[in-house]
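These notes concern the structure reproduced below.
The values are calculated or read from the model by the stated rules, or taken from the named source; none is laboratory data. Note that the structure is a prediction, hence the values are computed from the model and not measured. Cβ sites come from the backbone with ideal geometry, for glycine too, and all protein chains shown count toward neighbours.
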Amino acid sequence: MQNLLRPRRRTLAALCAGLALAGCASDPVMVAPAAKAGFRNLGPAEGSACGSLLIIATAYNFIPAGLNSRVERAYANALQSVPGATSLINVKMQENWYWFVLGTMRCVTITGEAVK
């Protein structure tokens, strides 16, 4: 009887591992598209955005809240910080993590030179 359960346990374990890994994926993000030729420098730009992983203990943080879109939102906020900006050059990204009672907050700051 025990020999019959071993293949089922392995199959179940492989299925669970596959589902867990598939659930932890997001699409690639283009942080800073290339500026068009003949651009005009408008000055420094900076933008930030945060997202969270929720559920009390750090080993069990699994509910994302605004997590996957934080880089795109930070880039958009950086563009909005300089009127007329259409793109950024010399882009730098910094990420900071903060712990709080219900999970972790991950904040991204995008800095660069705004161009038009």
| query | Residues of the stretch 90-116 being of a type in the set (V, I, T) and exposed (fewer than 14 other Cβ atoms within 10 Å of the Cβ), which ones? | reply | V101
| query | Would it be correct to say that G43 is loosely packed, with under 11 Cβ neighbours inside 10 Å, part of a strand (DSSP E or B) and modelled with pLDDT of 90 or more? | reply | yes
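Working only within the stretch 64-93, note down all residues that are in a loop (DSSP other than H, G, I, E, B) and within 11 Å of G47 (Cα to Cα). Walk me through how you get there before you give the answer.
Narrowing the stretch 64-93 to residues in a loop (DSSP other than H, G, I, E, B): 66-69, 81-86.
Result: S81, V82.
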| remark: R10 vs (1) among the charged types (D, E, K, R); (2) within 18 Å of the chain's Cα centre (by Cα); (3) at pLDDT 75 or above: all pass except (2)
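Quick one: is S48 outside any helix (DSSP H, G or I), in contact with a strand residue (DSSP E or B) (Cβ under 9 Å, 6 or more places away or on another chain), among the hydroxyl-bearing types (S, T, Y) and modelled with pLDDT under 90?
On the way: outside any helix (DSSP H, G or I): yes; in contact with a strand residue (DSSP E or B) (Cβ under 9 Å, 6 or more places away or on another chain): yes; among the hydroxyl-bearing types (S, T, Y): yes; modelled with pLDDT under 90: no.
In short, no.
Yes/no matrix, rows are residues, columns are (1) without any contact (Cβ under 8 Å) to a residue 40 or more places away in the chain; (2) under 12 Å from A114 (Cα atoms); (3) touching a His at 6+ places or on another chain (Cβ under 8 Å):
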| position | (1), (2), (3) |
| --- | --- |
| N41 | no, yes, no |
| A49 | no, no, no |
| L54 | no, no, no |
| I63 | no, no, no |
| S69 | yes, no, no |
| V82 | no, yes, no |
| L102 | no, no, no |
| message | Is it the case, given these coordinates, that T58 is polar (S, T, N, Q), farther than 16 Å from T111 by Cα and either modelled with pLDDT of 85 or more or out of contact with any Ser or Thr (no Cβ under 9 Å at 6 or more places or on another chain) (or both)? | response | no
